[in-house]
Each structure stands twice: as structure tokens, then as C-alpha cells.
Number of protein chains: 2
Amino acid sequence: MPSLPPFGALSACAIGDFRTEAGAIIPEVTLAYRRWGEFRRTSHGRTNVVLVEHALTGDSDARSWWAGLIGPGKAIDTDRYCVICANVLGGCQGSTGPGSPHPDDGQAWGSRFPAISIRDQVAAEKQLLDQLGITWVRAVAGGSMGGARALEWTALFPDVVGAAAIFAVSARASAWQIGIQYAQISAIENDPHWAGGDYYATGAAPLNGLATARRIAHLTYRGELEIDERFGTSALPGENPRGPFRDPAHRFAVQSYLDYQAKKLTERFDAGTYVVLTEALNRHDIGRGRGGLNKALSSIDVPVLIAGVDTDILYPYHQQEHLSRNLGNLLGMAKIVSPVGHDAFLTETRQLDRILRGFFAQIDPHYTAASPRIEYFI
Amino acid sequence: MPSLPPFGALSACAIGDFRTEAGAIIPEVTLAYRRWGEFRRTSHGRTNVVLVEHALTGDSDARSWWAGLIGPGKAIDTDRYCVICANVLGGCQGSTGPGSPHPDDGQAWGSRFPAISIRDQVAAEKQLLDQLGITWVRAVAGGSMGGARALEWTALFPDVVGAAAIFAVSARASAWQIGIQYAQISAIENDPHWAGGDYYATGAAPLNGLATARRIAHLTYRGELEIDERFGTSALPGENPRGPFRDPAHRFAVQSYLDYQAKKLTERFDAGTYVVLTEALNRHDIGRGRGGLNKALSSIDVPVLIAGVDTDILYPYHQQEHLSRNLGNLLGMAKIVSPVGHDAFLTETRQLDRILRGFFAQIDPHYTAASPRIEYFI
């Protein structure tokens, strides 16, 4: 039996040296992770583990960002399953990333940290499971960058993954995504405090650049109509953004909202990790080295559920339709109908609950869904 | 008869002092403009002038950016009409803007240049027409920021404008637009060479910030599928964007494309003007001070044609539908069907040609369209 930390506690696991897909070596890698629910091994090395994959700025605390979906009696039922969620390789919430001390000199990795791919993130998680002695998982689930990892799990380690539930992602980065993500990286690199990525010992950090990146990103995470319904052209109370001169103290409500989102991120997230993980999203391509996109997808025989959001700007719904048309073993395709846009994979709990209950009912004959009703909107 | 410059020649006209909507004074304003086609005055002060309005980074050289649409025998027929196009107030192509010398000290206006609105831009153009002795124009036409000006013309000066053809714009800035435009302004202001807007005498300019702004903007100007069809995840020939380390010399094709677009803009456009005009777009609101959006639109009795692009990310088609539902005197509504996105109002010449010919055939009984066929896609 693996030695797992108490429910919800952050634990660090040394997974050894890591070699990236492109050939760089990261020695002595740590991945931070959490678990909820008792671990059970069934026959033939099967387990009750559900691996949950976080998005770009998420972390291992899956019960916070999928609060309505993970827990006793919830869709991802911790009375039944052992949920494990690891902070991604390159992250800044306990896993080895550009802000971590380099084993050679104890200084931050900074610009020495290699570029990584979604596949690298998954391969590192596989090393974590190996360390924990977990040779098979019931399911892997995630959205956005977490969905990209879940998808790569099914291609890289089909014998390790029982099934996958994949939300709001694509088979590969689109050129538009690469472009908008590149613009975000540029905003960070243009910040004088970036210092070529080696700002960790300078006493400053590229917070303005990270804030600009977040403002851009946030507008791709939310629905255009939702943002407009909430803020329109309203001014912040007591401020006049239509005065005779431009004045940062006088803002439209949406500016203040974006400033708030940006500030929240700069207070909790590292700019170096943001660049490393955004770059990994740019490299996302399920077809690379596998004969192309559709050949790669059709050869995946792990059962996969695909879900998308009708108003998603960043990963438009046609990308999930493309996945569903080409995956080798499609369990089903669900549309999340929401004004929220991409972030609906985090916020539309009721629809996510139904989709995930339907997913587990299909892959686990002993799953007793509290709500047996399954609605797929194709 | 007004004294007008030779066809296509850039001419500067002193329009006097200008007071902005918000109460700032800009003394001794110049607007640069061009004209094509003989000026004719008909009875009752009517003229054959067609006023063409350029977009954010456009200028008075309308025959370059609407090359297929303006000229002898073309939709905006310079054998019949006198086309006038002015560089906008705040611009950097001959009109008074933040890079122009301040009359007090000859130094660039910089941060002293006030914030302006779309209405200010139109009011300044009205002063130009007054200077030229033109009291009425047959039509005003433009797209994007030019469409916003054309729309404001119909609300501010209904007795001066015979009709308007308005492309790819909205009744007001949406919160999403304000947000994405604010992110662009932030990118410029975060550039250390911005110097609070007073960089003109420093020997440096916030080119990196302007480049980042343009990368963001360009992705809102083009269709997501078009960008992906052109570039996908291709690398630039001879470069490997999937190497072991991030390296700006190894790029995806779309990065190189955005870099090229950014560089082109930084070579021809002033960052201060970019901020001033982007701020004007943020202030665009046809309903302000007029009892709200729909009341303002319904009270406009100038005949207006509205056209939008089905794949427009920046000004989604539902915004043109909103205009068409609420305008007081709608000539018609046309959909430009194109993968190109917002920029289709510049690039889809064949569709624009038909739309504009249909427009002139409706408003001008003597207009002889080479192609009498009018197709409206409602």
C-alpha cells in the first residue's frame, strides 16, 4: 500500500531526476500533491485512484477549485475514490519550477529551468505514481491545461489510465492560442524586473508584466457577453473614467475588475512559472511524433468523455467537437451551456456534476450516482 | 467653392482651438486630410462629398486602405463623388496629437494631451468641414473606429450628413473591449521608455510596449480559424520552437507573424497616439447624455446602413444586429461572411463593393452602379 498523506494535506514527493522530451535534465525533482479518500487496490493492480489535473494557475488543492465536485457523496466521490492531485512540474506551489533552488548552488533555477511540454508534465506525474507504487488509476479528469494533461495521459500511458474526463481543451494549441499566449509572455519579458528570468535574488519581480498577462488571459477565460452584462461601461463608484485627462485613478468598472484579478494572481503566483507553463500550453500537440493529430486521436483506446463550453473564447467549442469526432473510444460529448466562457469548467458546478456522474456511471459498474440522470447535449 | 488640395495630396488645415467634450482645451489644432474627385455643390448647399473615416491605426490615405473601393468607377466613385478623409484628432499622420509640438513651448504635447472621445474626433472633423466651407455631405462611411465616428456623425450632426455606411462597430464599447484595450494601454505604460507619456524628447520610445499591444490587438482583428488555418503549430522554417529551452530565436510561425505585424506598426505609428485613440474607443458610447443607448439610436433619423463580419472577435456580429434593431432609420443590414474576422471590413473587397454599391443606389437616385445587384444577408 502506498504511503499517502492525510486527506487534504500538502505532501512533497521526490521523484528523482527528470529528462524532458526535448532532452534537458532537471535533477532531483519534487512534485507536491494532495489526496482525499481511502486508497484501495483491487485485483490485478487496479486501484480506486482518480487523478485530478489542475489548470494553468491552479494547484494541488483540487477540493478548493472543484469544491462542489470532489468530496463524500459528490460526483468525484471520496467515499468511493482516492483522489490525487499534484502540482504540475514547473509549478510554484510545492513542485520543482523556475523559482525552486537549483541543486548545484541553491539559487533559483530562473532562466536555467528548461522548457517543458504537456507530455513532460504527464511523464513527471507518472514518476510520482511510480514512487507511490500506484500502477493504475480508475480515471483522470481535468479542464484547460488539466484537460490537456488528461488527454496526454491517455496517449502516453494507456495501460495506466482506466478512463478520462476532459474539459475545455483541444487536441493541440491553435495558432490563435499560441499568439495570445505569446503576447502574455512578451508582456512579462518586457517588464524590466524580469531580468531575463533571473529576478529571484534581485528583490523585485515582474509584477506589472504578470498583471498585464493576467488581464489579457482573464478576458479569454470569461464570456464576452457575461463580462459586458456585469460591467458594461459603468465607472467604478466615485470615479470618472471620462474626465478631461487619462487618469489611472479613474477607471471603468471592468478595469478595476481586471486589476483585481491581476493583483490576486501576482500575490499568489510566480511569473517564471507562468511563463514556463504558458510555453507548455503553446507546445501542446497530441499529434506530434504520432503521425498527426487525427491518427494520434483515433489510436487512443482509453474511454474518453469530452466536454466543452458554448461561449469559450480560448478553447472554442469546435475544438472539443474535433476531439469527439476523432477520438478512438469516445464515451460521450457534453456541452456546458453558460455565459461564463472558458471558466465554466470551474464554475458551472451543476452541469459539471451531471457530466461527471454520467462519466463515472459509464466507467464504473459499482458507481452509485446520487443523481442518476445524465444529460448529454450533443 | 472650397479650396481643396490636388487629388490624393496630404493637406494640413488649421481648424482653430478645440474644446473637448470633457472640457480640456487644445489650442491651434491642425487636421491633415486628403481628397479625391471634383467637388460639386448642388442646390440648397448640398454637395457630392463622401466623408471616409479611418480606423485606429489608419490615416487619411483612404485610397490605400480601401484601394478596391475608392476611385473612378469604383463603389465610392470618384468620378461622381468628392471623397474626403481626414487623419483623426489625436493622430500621428499630420493631425494634432500627443507627438505634435505644443504651441506654448514647441515640445511634444505628451502627457499634456487631453483624453478625447469619439465625439471629439467628430466635432474636430466638423470644424474642418466648416473651415473648408462644406456644410453638408452626401454620406459618411467607415469601419471599426471609423464606423464609430460615422455613427456619431449621425447623432451629433444629423443635418450635415445625408446617410451613413457603418462597418464592424457597436453602439458603445463593451466591457470586453474596454478590458482588452486597457490591457494594451497597460502594456505600453509598463514600458520603461513610456516615461509617463513624455518620451518624445528622450531619444527612446516605448516600442516593446507598443509591439505587445499590437500583438494583442491583431489577434482581435483576425479570425481565430483563419489564423489557425494559416499557421497552425508550424515552426518558422529553420527554427525549432520545441527545443530544450525557451529561445526567442526559435519561434512558431504565428509568433513571427505577430512580430512582423508589431514591427510594422512600431515603424509607422506613435505609441502616444495609440494610447489616446484606444482610450477614445473605450469612451465610445452613443447613449451617453442622450437617455441611453436605444433611445439615442432610435432618435437618429439619418438613413444608416449597418454591416458586420460573422467571425469578428472584437466587434461581434450581435453588436451590429443590436444597432440594426434600434436605429431610427435603417437602410439595411449586411453580413460580411469571411474567415478573416474584424479586418474583413478592410479585406473583403468584393463583398464590401456590393454592400457600398447597394448603399449608394439607395441614397442617390443618380448613382449608376456598375453592378446593380445588391445582396443583403440578414
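The values are calculated or read from the model by the stated rules, or taken from the named source; none is laboratory data. Small disclaimer: the values here were computed from a predicted structure and weren't measured. A quick note on method: Cβ atoms are made from the backbone with ideal geometry, for glycine too, and the neighbour counts reach across all protein chains shown. Heavy atoms of the whole protein, side chains included, go into the accessibility calculation; ligands, DNA and RNA do not. Shrake-Rupley method; radii C 1.70, N 1.55, O 1.52, S 1.80 Å.
Residues checked against (1) more than 30 Å from B:D247 (Cβ to Cβ); (2) assigned to a strand (DSSP E or B); (3) open to solvent by 30 Å² or more (accessible area, probe 1.4 Å); (4) not hydroxyl-bearing (S, T, Y):
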{"position": "A:G8", "(1), (2), (3), (4)": "yes, no, no, yes"}
{"position": "A:A22", "(1), (2), (3), (4)": "no, no, yes, yes"}
{"position": "A:V50", "(1), (2), (3), (4)": "yes, yes, no, yes"}
{"position": "A:S64", "(1), (2), (3), (4)": "yes, no, yes, no"}
{"position": "A:A67", "(1), (2), (3), (4)": "yes, no, yes, yes"}
Every pair of residues 6+ apart whose Cβ atoms lie under 9 Å, when the first sits in segment A:225-249 and is more than 23 Å from B:V275 (Cα to Cα) and touching a residue at least 24 places away in the same chain (Cβ under 8 Å) while the second is open to solvent by 40 Å² or more (accessible area, probe 1.4 Å) and part of a loop (DSSP other than H, G, I, E, B): A:L225/A:T311; A:L225/A:P339; A:E226/A:T311; A:E226/A:P339; A:E229/A:P339
Take A:L330 and tell me if it is surrounded by fewer than 24 Cβ atoms within 10 Å (Cβ to Cβ) and touching a strand residue (DSSP E or B) at 6+ places or on another chain (Cβ under 8 Å). yes
Matching entry among B:L281, B:L258, B:L277, B:L265 (being under 30 Å from B:W194 (Cβ atoms), over 20 Å from the mean Cα position of the chain (by Cα) and not β-branched (V, I, T)): B:L258
Just to verify a result, which residue in segment B:185-226, among those that are among the acidic types (D, E) and under 14 Å from A:N208 (Cβ atoms), is most open to solvent (accessible area, probe 1.4 Å)? B:E189
When B:L219 is run through (1) more than 8 Å from chain A (Cβ to nearest Cβ); (2) of a type in the set (A, V, I, L, M, F, W, C); (3) not in a loop (DSSP other than H, G, I, E, B), the failure sits at (1)
So which residues in segment A:167-179 are at the interface with chain B (Cβ under 7 Å from one of its Cβ atoms) and either within 15 Å of the chain's Cα centre (by Cα) or of a type in the set (K, R) (or both)? A:R172, A:A173
Out of all the residues in segment B:243-271, which are facing another protein chain (nearest Cβ under 9 Å), within 21 Å of A:T20 (Cα to Cα) and out of contact with any Ser or Thr (no Cβ under 7 Å at 6 or more places or on another chain)? B:G243, B:F245, B:R246, B:D247, B:P248, B:R251
For a quick check of your reading of the model, give me the residue pairs whose first member lies in segment A:92-109 and is more than 17 Å from A:I15 (Cβ to Cβ), whose second is surrounded by 21 or more Cβ atoms within 10 Å (Cβ to Cβ) and modelled with pLDDT under 95, with beta-carbon atoms closer than 7 Å and at least 6 apart or on different chains. none
Condition met for B:Y182 (within 7 Å of chain A (Cβ to nearest Cβ), open to solvent by 20 Å² or more (accessible area, probe 1.4 Å) and of a type in the set (S, T, Y)): yes
Does A:R46 satisfy the condition of being charged (D, E, K, R), open to solvent by 30 Å² or more (accessible area, probe 1.4 Å) and touching a Phe, Trp or Tyr at 6+ places or on another chain (Cβ under 9 Å)? yes
On the given criteria, is A:E152 acidic (D, E), under 19 Å from A:Y33 (Cβ atoms) and either in contact with a helix residue (DSSP H, G or I) (Cβ under 6 Å, 6 or more places away or on another chain) or within 14 Å of another protein chain (Cβ to nearest Cβ) (or both)? yes
Please verify whether B:G238 is more than 7 Å from chain A (Cβ to nearest Cβ), at pLDDT 95 or above and farther than 21 Å from A:G232 by Cα, treating the condition exactly as stated. no
Inter-residue pairs, beta-carbon under 7 Å, first more than 9 Å from every other protein chain (Cβ to nearest Cβ) and in segment A:13-30, second open to solvent by 20 Å² or more (accessible area, probe 1.4 Å) and outside any strand (DSSP E or B), 6+ apart: A:C13/A:Q131; A:I15/A:Q127; A:I15/A:Q131; A:G16/A:Q127; A:F18/A:Q127; A:P27/A:P103; A:E28/A:P103
Name the pairs whose Cβ atoms lie under 7 Å apart, with the first residue in segment B:63-76 and under 17 Å from B:L10 (Cβ atoms), the second not aliphatic (A, V, I, L, M), and 6 or more positions between them or separate chains? B:R63/B:G8; B:R63/B:W36; B:R63/B:G71; B:W65/B:H54; B:W65/B:G58; B:I70/B:W36; B:I70/B:R63; B:I70/B:T78
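Can you list the helices (runs of 4 or more DSSP H) found entirely within segment B:98-210 that contain at least 2 residues being among the acidic types (D, E)?
B:118-132
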Report, by residue number, each residue of segment B:227-254 that is open to solvent by 20 Å² or more (accessible area, probe 1.4 Å) and either charged (D, E, K, R) or under 30 Å from the mean Cα position of the chain (by Cα) (or both). B:D228, B:E229, B:R230, B:F231, B:E239, B:R242, B:R246, B:D247, B:R251
